[in-house]
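Quick notes on the structure that follows.
The values are calculated or read from the model by the stated rules, or taken from the named source; none is laboratory data. The model shown is predicted, which means the values in this text are computed figures rather than measured ones. All Cβ positions, even for glycine, are placed from backbone atoms using ideal geometry, and neighbour counts span all protein chains on display.
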């Protein structure tokens, strides 16, 4: 009669347990990467919402001059007077343009694109403006282009990175 008993673990058991541990660690690493990506997306959306809120406030302050504000976003080389300069006297139109330029400069400094567009479905009735903020490869526009934030009906394009807010 043989009374030998197995003591300890064999090499096969150790290899199987290491394989299971490696799979668990890789799964955890993938989960961690997804969490970091979601956190980053949330931060970007929060910054974009802050820019939209700034534009909305500027629009509210300059309700009678929204078309002048839009002209700043429509032109890349719009000359705008610095209304904070002590030697400058600004009228309401120039103040509206200055406020729009400040929002545009802030958005550009934070790698965002910002625009004022006429909200879909409001051109024939009461005209309302929408604030559009985009980042990455997305353009702050509504239209048929694949890089536009949304189509002409205001439906977000697939894969777009942007935020649209109806304002005034």
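At a glance:
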{"read-out": "Selection status of residue 67, modelled with pLDDT under 95 and touching a strand residue (DSSP E or B) at 6+ places or on another chain (Cβ under 9 Å)", "value": "no"}
{"read-out": "Condition check for residue 60: in contact (Cβ under 8 Å) with a residue 12 or more places away in the chain, more than 30 Å from residue 91 (Cα to Cα) and surrounded by 10 or more Cβ atoms within 10 Å (Cβ to Cβ)", "value": "no"}
{"read-out": "Yes/no for residue 113 being over 13 Å from residue 56 (Cβ atoms) and modelled with pLDDT of 95 or more", "value": "yes"}
{"read-out": "Some residue of the stretch 121-135 being more than 18 Å from residue 54 (Cα to Cα) and not in a loop (DSSP other than H, G, I, E, B)", "value": "no"}
{"read-out": "Residue satisfying condition, being farther than 23 Å from residue 49 by Cβ, touching a helix residue (DSSP H, G or I) at 6+ places or on another chain (Cβ under 8 Å) and surrounded by 15 or more Cβ atoms within 10 Å (Cβ to Cβ), within set 93, 102", "value": "93"}
